[in-house]
Amino acid sequence: MTYEKLIEKAYESMAFSYSPYSNFKVGAALLTKSGRVYTGCNIEIASFGATNCAERTAIFKAISEGEKEFVAIAVTSSSRDFTYPCGICRQVIVEFAKDIDIIVAKEYDYEVYKIEELLPKSFTQIDIK
Ligand code: THU
C-alpha cells in the first residue's frame, strides 16, 4: 500500500464525516503491518466534548478488532491547509502506535512526521511505573 493510496482512503472516509456543528470534515486511514486499512471520520456530538476525531475513530476501530502493529496513519480534511492531529489524538497515537509515520495530506501534497516531533517529551505508560 503506497502512502498515496492510504491518503486516498482517508479522503474517501471524509464522506462519512458527521460534522453538523463545525462543517469541518476530517478523514483518517490507518495502515497495519499486515496490510489492512482501518478508516475513520470525525463524529461530532451536540455536547461538544463527546466529539471523536477521525484519527481516534480509525485507531479505536483497529484496537477493538485486535490489531496491535501499525505502519502509518494518513489524515485529510476539508480545509485547504494541512490538518495536524489534535493533542488528544497525539496522546492516543503515542499510546498505541508510537513508531508510525503520521502523514498529513492536502490534495496531492503531504508531509510525514514521527510522534516525537508532534508530541515531544510525552507522558506514557513508562511514567506511571
Ligand atoms: N478534528 C479531527 O477529526 N481531527 C483532528 O486532529 C483535529 C480536529 C475534528 C474534530 C471536530 O469534529 C472538527 O475537526 C473541528 O474541530
Under 10 Å, Cα contacts only: if you run a Gaussian network model on the chain, which one of I43, I102, I59 comes out with the highest mean-square fluctuation? I43
With a 1.4 Å probe and every protein chain left in place, work out the accessible area per residue of the chain in Å², rounded to a whole number. 58 Å²
Candidate cut points under chymotrypsin sites (Phe, Trp or Tyr not before Pro) in the stretch 1-87, DSSP loop plus at most 12 other Cβ atoms within 10 Å of their own Cβ, are Y21
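How much length is gained if the chain between R80 and D99 is pulled fully straight, taking 0.36 nm per residue apart and subtracting their Cα-Cα distance, in nm to one decimal? Display every interim value, and only then the final one.
Values: separation 19, 0.36 × 19 = 6.84 nm, distance 2.76 nm.
Full extension of this stretch gives 4.1 nm more.
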List the residues, sorted by chain then number, that are 5 or more residues from N42 or on another chain and whose placed amide H is less than 5 Å from its amide H. Y18, V26, A54
Cross-link reach list, aspartates and glutamates versus K5, counting only Cα pairs under 16 Å and skipping chain neighbours closer than eight places: D101, E107, D109, E111
For K9, list the lysines whose Cα falls under 23 Å from its own Cα; do not include residues on the same chain fewer than 8 positions away. K25, K33, K61, K68, K98, K106, K114
Using a 1.4 Å probe on the protein chains only, how many percent of the accessible area of the stretch 3-127 belongs to carbon and sulfur? 55 percent
Karplus ³J(HN,Hα) for the stretch 36-50 (6.51 cos²θ - 1.76 cosθ + 1.60, θ = phi - 60°; Hz, whole; x = Gly/Pro) runs 7, 10, 10, 9, x, 10, 7, 10, 9, 10, 4, 8, 3, x, 8
Write out the GluC sites (Glu not before Pro) in the stretch 45-90 meeting two conditions: DSSP loop, and at most 15 other Cβ atoms within 10 Å of their Cβ. E65, E69
Figure the gain on full extension for E12 and E69 (residue separation times 0.36 nm, minus the Cα-Cα span) and round it to one decimal in nm. 18.2 nm
Fully extended contour minus Cα-Cα distance, from M1 to Y108, at 0.36 nm per residue: 36.9 nm
Please go through the stretch 79-123 and write out the GluC sites (Glu not before Pro) that DSSP classes as loop and that have at most 13 other C-beta atoms within 10 Å. E107
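The values are calculated or read from the model by the stated rules, or taken from the named source; none is laboratory data. Keep in mind the model is a prediction, meaning the values are calculated, not measured. With ideal geometry, Cβ positions are generated from the backbone for all residues, glycine too; neighbour counts draw on all protein chains shown. Side chains included, ligands, DNA and RNA excluded: accessible areas come from the protein's heavy atoms. Shrake-Rupley method; radii C 1.70, N 1.55, O 1.52, S 1.80 Å.
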